[in-house]
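The values are calculated or read from the model by the stated rules, or taken from the named source; none is laboratory data. These numbers come from a predicted model, not from an experiment. Note: ideal-geometry Cβ built from the backbone for every residue, glycine included; neighbour counts use all protein chains shown.
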Amino acid sequence: MIKLELSKKSAVPIYEQIRRSIVRLIEEGQLRPGELLPSENELAATYNISRMTARNAINELTRDGLVIRVPGKGTFVAQPKKPVEVTKLRSFTQIAEDLGLVPGARILTQRTVDPTEKVAELLRLSEGEKAVEVVRVRTVNETPVMLVRSFYPSRLCSALVEIDLTDQSMYRLLEEELGLKLGGARQFMEACNASEYVATLLNLEVGTAVVRLERELFLEDGTPVEYFTGYAWTKQFKFKFELVR
């Protein structure tokens, strides 16, 4: 059990004292990334406080991105956040590898479908044309961090239905296996809260803050080749923008 410095005579609320003590232990290296924290029940029993007080402290640490709650396993010290440049076109795999992380993927859907009106419009599909749908949970160091649903024109990417996409970089496949020359992309990001579906797949609590991504990928000649939407849990990352006036 970690040793926390608490005083019930202090004007500082107990939950805030717990938070500050754990922050100090993390900063001093006494609590290392990936280390399991005591449970709310253990904190309550050890320091003779209510479980709600312990929960409030852990909630604050979670909001600050210093700890990670993993349903069914416990609360762990988070890995230090690493900056991700969003001004360059790179795949998830390339970003993870550049940060020294191990990328992975779990395939949920891999099939040919009739596209929705929006997908057909964005991919500039003619009437009756099919699309390839791929849904994957992306991981870093075996931890789920992103749920991605992608669509590709079947006339260009029908082979994606047959290829084993597990732990593969989609952009590498498009360029090296299918011979497509990627040009650029248009991407949008917005904050939202994880639905039950997203939370379950990313091992989060329902309502956890996530980033919703939407991207349109084009070939060098401007032909749309991918449309994807995704939900990213960004506690392990921070986005880096370089702006010039």
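Give the residue, chosen from 104, 65, 100, that is more than 21 Å from residue 158 (Cβ to Cβ) and either aliphatic (A, V, I, L, M) or not assigned by TED's automatic domain parsing to the domain that holds residue 171 (or both). Write out each step before concluding.
Numbers: 104 fails: either aliphatic (A, V, I, L, M) or not assigned by TED's automatic domain parsing to the domain that holds residue 171 (or both); 100 fails: either aliphatic (A, V, I, L, M) or not assigned by TED's automatic domain parsing to the domain that holds residue 171 (or both).
Every option except 65 fails the conditions.
Condition first: under 18 Å from residue 215 (Cβ atoms) and touching a Phe, Trp or Tyr at 6+ places or on another chain (Cβ under 9 Å). Now tell me which residues in the range 172-204 satisfy that.
Passing the criteria: 174, 182, 183, 184, 185, 186, 189, 192, 198.
Test each condition in (1) within 20 Å of residue 110 (Cα to Cα); (2) out of contact with any Gly (no Cβ under 8 Å at 6 or more places or on another chain); (3) surrounded by fewer than 17 Cβ atoms within 10 Å (Cβ to Cβ); (4) modelled with pLDDT under 90 for residue 167 and report the one that comes out false.
(2)
Name every residue in the range 174-187 that is within 15 Å of residue 218 (Cα to Cα) and either in contact with a Lys or Arg (Cβ under 6 Å, 6 or more places away or on another chain) or not in a loop (DSSP other than H, G, I, E, B) (or both), in order of residue number.
Selection gives 174, 175, 182, 183, 184, 185, 186, 187.
With respect to residue 168, is the statement that it is of a type in the set (S, T, N, Q) and not in a loop (DSSP other than H, G, I, E, B) true?
Values: of a type in the set (S, T, N, Q): yes; not in a loop (DSSP other than H, G, I, E, B): no.
Criteria not met by residue 168.
Is the range 29-37 home to any residue that is part of a loop (DSSP other than H, G, I, E, B), over 27 Å from residue 233 (Cα atoms) and out of contact with any strand residue (DSSP E or B) (no Cβ under 8 Å at 6 or more places or on another chain)?
Initial filter on the range 29-37 (part of a loop (DSSP other than H, G, I, E, B)): 29-35, 37.
Among the residues that remain, those that are also over 27 Å from residue 233 (Cα atoms) are: none.
Checked the range 29-37: no residue is part of a loop (DSSP other than H, G, I, E, B), over 27 Å from residue 233 (Cα atoms) and out of contact with any strand residue (DSSP E or B) (no Cβ under 8 Å at 6 or more places or on another chain).
Confirm whether residue 214 is of a type outside the set (Phe, Trp, Tyr), under 17 Å from residue 90 (Cα atoms) and free of Cβ contacts under 8 Å to residues at least 40 places away in the same chain. Break it down into steps so the answer makes sense when it comes.
Numbers: of a type outside the set (Phe, Trp, Tyr): yes; under 17 Å from residue 90 (Cα atoms): yes; free of Cβ contacts under 8 Å to residues at least 40 places away in the same chain: yes.
Considered against the rule, which asks whether it is of a type outside the set (Phe, Trp, Tyr), under 17 Å from residue 90 (Cα atoms) and free of Cβ contacts under 8 Å to residues at least 40 places away in the same chain, residue 214 comes out as yes.
Residue under question is residue 109, and the condition is that it be of a type in the set (S, T, N, Q), within 30 Å of residue 19 (Cα to Cα) and under 24 Å from the mean Cα position of the chain (by Cα); does it hold? Break it down into steps so the answer makes sense when it comes.
Values: of a type in the set (S, T, N, Q): yes; within 30 Å of residue 19 (Cα to Cα): no; under 24 Å from the mean Cα position of the chain (by Cα): yes.
In short, no.
Looking at 245, 136, 149 in this structure, which one is among the basic types (Lys, Arg), at negative phi and loosely packed, with under 15 Cβ neighbours inside 10 Å?
Working: 136 fails: loosely packed, with under 15 Cβ neighbours inside 10 Å; 149 fails: loosely packed, with under 15 Cβ neighbours inside 10 Å.
Going through 245, 136, 149 in turn, just one is among the basic types (Lys, Arg), at negative phi and loosely packed, with under 15 Cβ neighbours inside 10 Å: 245.
If I ask for residues that are surrounded by fewer than 17 Cβ atoms within 10 Å (Cβ to Cβ) and either of a type in the set (D, E, K, R) or farther than 17 Å from residue 2 by Cα (or both), which ones from the range 32-54 would you list?
Narrowing the range 32-54 to residues surrounded by fewer than 17 Cβ atoms within 10 Å (Cβ to Cβ): 32-36, 39, 41-42, 45-46, 48, 50-52.
Those that are surrounded by fewer than 17 Cβ atoms within 10 Å (Cβ to Cβ) and either of a type in the set (D, E, K, R) or farther than 17 Å from residue 2 by Cα (or both): 32, 35, 42, 50, 51, 52.
Name the strands (runs of 3 or more DSSP E) wholly inside the range 45-120 in which the number of residues that are at pLDDT 80 or above and either of a type in the set (Lys, Arg) or closer than 30 Å to residue 14 by Cα (or both) is 1 or more.
Those strands (runs of 3 or more DSSP E) span 67-70, 74-77, 103-113.
Would you check which residues across the range 193-211 are touching a residue at least 40 places away in the same chain (Cβ under 8 Å) and β-branched (Val, Ile, Thr) and list them?
Start the filter on the range 193-211 by keeping residues that are touching a residue at least 40 places away in the same chain (Cβ under 8 Å), which leaves 198, 201-205.
198, the sole residue that qualifies.
Could you say which residue among 75, 46, 53, 93 is among the hydroxyl-bearing types (Ser, Thr, Tyr) and under 30 Å from residue 217 (Cα atoms)? Show your work before the answer.
Working: 75 fails: under 30 Å from residue 217 (Cα atoms); 46 fails: under 30 Å from residue 217 (Cα atoms); 53 fails: under 30 Å from residue 217 (Cα atoms).
When all the criteria are applied, what remains is 93.
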